[in-house]
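The values are calculated or read from the model by the stated rules, or taken from the named source; none is laboratory data. Source: prediction; values computed, not measured. Neighbour counts are summed over all protein chains in view; Cβ atoms, including those assigned to glycine, are modelled from backbone coordinates with ideal geometry.
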Amino acid sequence: MVALQAVSGQAEMEAALDFDAIVIGAGVSGLYQLYRLRELGLSARVFEAGSGVGGTWYWNRYPGARFDSESWTYGYSFSQELLDEWDWEEHFAAQPETERYLNHVADKFDLRRDIQFKSRVAAAHYREDTRDWDIALEGGRHYTARFLITAVGVLSAATMPTIPGLASFQGQSCHTHYWPKEPVRFEGKRVAIIGTGATGIQAITEIAKPAGHLTVFQRTPQWAAPLHNAKITKAEMSRIRANYPEIFARCQETAGCFIHAADPRAALDVSPEEREAFWEKLYGEPGFGIWMGNFRDILTDRAANALISDFVARRIRQRVKDPAVAEKLIPKNHGFGTRRVPLESGYFEVYNQPNVELVDIKETPIERITPAGIKTSEREYEFDIIIYATGFDAITGAFDRIDIRGVDGVALKEKWRDGPQTLLGILVDGFPNMLMVMGPHAGLGNFPRAAEYSTDWVTRLIRFARERGLTRIEATTAGATAWTEHVLEASKGLLFTEVDSWMTGVNRNVEGKEVRRIMRYSGGHPAFRERCEAVAADGYRELALA
Ligand code: NA7
C-alpha cells in the first residue's frame, strides 16, 4: 500500500514536468540516448544548438574532415536492420558521409520529432524541492525534467586563439569547427592556417591543393602517420557485413574500442631488425595500428618511446625534400603517441609544393592579426583568408559553457576547477539526476563504441529508478572519490601525462586551463565496463537513491 502511494505520488510529480528527460546534444550519443529513452516509454526532448543532427559531424565541415576510426567500427551496433542497410563508402569516412549516416539514423528511427534545433542550453539548475532540473535555453525559455542527460561530446567547445587584433582582419576568417555550409573558394587566394593538430593537418592537406598560396603557422609539430584510406568495394562491404559480430566483439576487447590492440611484446624484446620491420609494416597499414597496435611499452617506457619517435622522424625526413623544413616538422618536445596521433594522407608532401610555406611561430611568434593579415616578430604577411585550426576546450569545456548548478546552487565549473570528479564519468556527487554520456573520466577512444555502452548504462539506471519509484539518483561522495582516485592511479606511468595537449586538459586560450589534469580514464574499456557492471550488479551501492 505504501509503495503504491509512493508510485502514485511520483506520477503526479512527473505530470507537473515538461519532460521525463532532457538531453543536451543531438550528436552520436544524444541520438542513441533519445532512441533508448523512447524505448523506456519516457517523454524526452533533445536540445541541439545546430540546425541539424550529427554534433561533431554537423559542425566540422572543413575540407579534409574525417574520422580515423575504421568506418565499419564507427557505426551504431544496436540495430541489425541499420547494419544491414547501410553501406560505408570509404574505410575512413569523410564528414559528409558520416553526417549523411547520422541523418539516416535520425530519419529511420523518427528521432527528429523530439529534437529541438537551434536551441543552445544556457543554464541547468537542480531544484531539491521537486527533485528536477530547470533548464534554460539561450533566449530565455525554461523547461523542466526529472533527468538531465548531457550528451555534449568531448571536443565541442571550440576555442579561438587569444591573439591581439583578431577582429580587425578585413578578409574572410573562420575556426574550422564553425566552417560554413557553402563551399569556400581557395583558387588564387592567399590563405593562412594557424594550428597543426589533427584538424589542421587534415585541412592543410586539402587546402594546399586549390590554394593560390598557403602559409602554415605552426607552434608545435605533430607525430602524424599515414591513414592509408581507400574506397570500400561492394565485395568488401559484404565481407564486413558478414563479420560485424566479430568486429564489434573485437572492439569490446581492446583498450580503446578500436580494432587495434597493443602487441604483447616490449620494443626492446626484439632485435633492431625485427623492430624496424614491424614498424615498417605498421607505418604501411591503415588506421591507428602504429599508435594502438604497437609494442605494449611505447607509451610507458622512455627508451621504447625514443626508438619509435626516431623511426617516425626518419620517415618524415624521407618525405620532406627540404631538410630544414623537415626538421621543423619533427616534434622535439614530446615523444610519439604522447599526444593524439593525427593520421594524414600526404600531409608531409604538402611542404614540397611551391605554393606552401611553413612558419615556425616558436621562432617568430605571431604578434597580432592586422587588417591585412598576420604580423610575426619577423614580418607582416598579407592574406585573403585566415583559418583558425586552434582546437577545443576539451572534455570539460562544453560543461563549463553551461551554468550547471547542483544542490545548494553549487556550480559544476567550480566543483571541477582543479579537475573533474565523477563516478564512472557518468554521475557527479551534489548533482542528482544529472547523467553524463561520455563525461570526463570516462574512457575515450572509438567514440560510438564507448558512447553506446555509456548510454546503455545510463538507460539501465533510469529504468531501475523508475521501476522502484525513485526520484533522486546521486553519486555518493565516497563513490565519486573512489572512482576519481582510481582514474588518477590508472594514468600513473603513462608518458602522455607529462605533455601539454587537449588530452591533459591544457588550453592556454582558456583562463584556468593552463595546468595539466587527468581528464579521462586510461585503464582501458574492458576494465571500465567491468567497474560499471560491478556498480550496477551491487544494486548501485555507490549511488544514493531516494
Ligand atoms: P588540437 O589538437 O588541440 O590542435 C590545436 C592546434 O592549434 C595546435 O597545433 C596548437 O598548438 C594550435 N594553437 C592553439 N592555440 C594557438 C595559438 N594561440 N597560437 C598558435 N597556435 C595555436 O585541436 P584539433 O582541432 O586539431 O584536434 C582536436 C581533436 O579533434 C583531435 O585530436 C581529434 O581527436 C579530433 P600547440 O600544439 O598547442 O602548440
Notebook entry, point to check: With Ile207, Ile232 as the choices, which residue is hydrophobic (A, V, I, L, M, F, W, C), more than 16 Å from the ligand (Cβ to nearest atom) and either closer than 30 Å to Ser71 by Cα or in contact with a Cys (Cβ under 7 Å, 6 or more places away or on another chain) (or both)?
Noted result: Ile232
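Can you tell me which residue among Gly493, Gly523, Gly512 is buried (at least 16 other Cβ atoms within 10 Å of the Cβ) and not in a helix (DSSP H, G or I)? Even if it seems obvious, please write down each step before you answer.
Values: Gly493 fails: buried (at least 16 other Cβ atoms within 10 Å of the Cβ); Gly512 fails: buried (at least 16 other Cβ atoms within 10 Å of the Cβ).
When all the criteria are applied, what remains is Gly523.
For the range 209-224, which residues satisfy the criterion of being aliphatic (A, V, I, L, M) and touching a Gly at 6+ places or on another chain (Cβ under 9 Å)? Full working, then the answer.
Here is the first cut: in the range 209-224, the ones aliphatic (A, V, I, L, M) are 211, 214, 216, 224.
Residues satisfying the conditions are Ala211, Val216.
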Next item on the list: Identify all residues within the range 379-406 that are touching a helix residue (DSSP H, G or I) at 6+ places or on another chain (Cβ under 7 Å), over 28 Å from Thr364 (Cβ atoms) and of a type in the set (Val, Ile, Thr); write none if there are none.
Entry: Ile404
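Could you look through the range 480-524, keep only residues that are of a type in the set (Val, Ile, Thr) and more than 12 Å from the ligand (Cβ to nearest atom), and pick out the one that is nearest to Pro221 (Cα to Cα)?
Thr497
Within the range 179-204, can you find the residues that are assigned to a loop (DSSP other than H, G, I, E, B) and more than 13 Å from the ligand (Cβ to nearest atom)?
Going residue by residue through the range 179-204, those that are assigned to a loop (DSSP other than H, G, I, E, B) are 179-186, 188-189, 195-197.
Pro180, Lys181, Glu182, Pro183, Val184, Arg185, Phe186, Gly188, Lys189 - these are the residues of the range 179-204 that are assigned to a loop (DSSP other than H, G, I, E, B) and more than 13 Å from the ligand (Cβ to nearest atom).
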Checklist line | Odd one out for Gly445 among (1) at pLDDT 95 or above; (2) within 16 Å of the ligand (Cβ to nearest atom) | finding: (1)
Next item on the list: Give the range 38-71 a look and list any residue that's in a helix (DSSP H, G or I) and more than 18 Å from the chain's Cα centre (by Cα), or say none.
Entry: Arg38, Glu39
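Would you call Val216 crowded, with 23+ Cβ neighbours inside 10 Å, in contact (Cβ under 8 Å) with a residue 40 or more places away in the chain and within 11 Å of the ligand (Cβ to nearest atom)? I'd like the intermediate steps shown before the answer.
Values: crowded, with 23+ Cβ neighbours inside 10 Å: yes; in contact (Cβ under 8 Å) with a residue 40 or more places away in the chain: yes; within 11 Å of the ligand (Cβ to nearest atom): yes.
For Val216, the condition - crowded, with 23+ Cβ neighbours inside 10 Å, in contact (Cβ under 8 Å) with a residue 40 or more places away in the chain and within 11 Å of the ligand (Cβ to nearest atom) - is met.
Among the residues of the range 279-296, write down those that are farther than 16 Å from Pro342 by Cα and crowded, with 19+ Cβ neighbours inside 10 Å.
Within the range 279-296, Trp279, Phe295 qualify.
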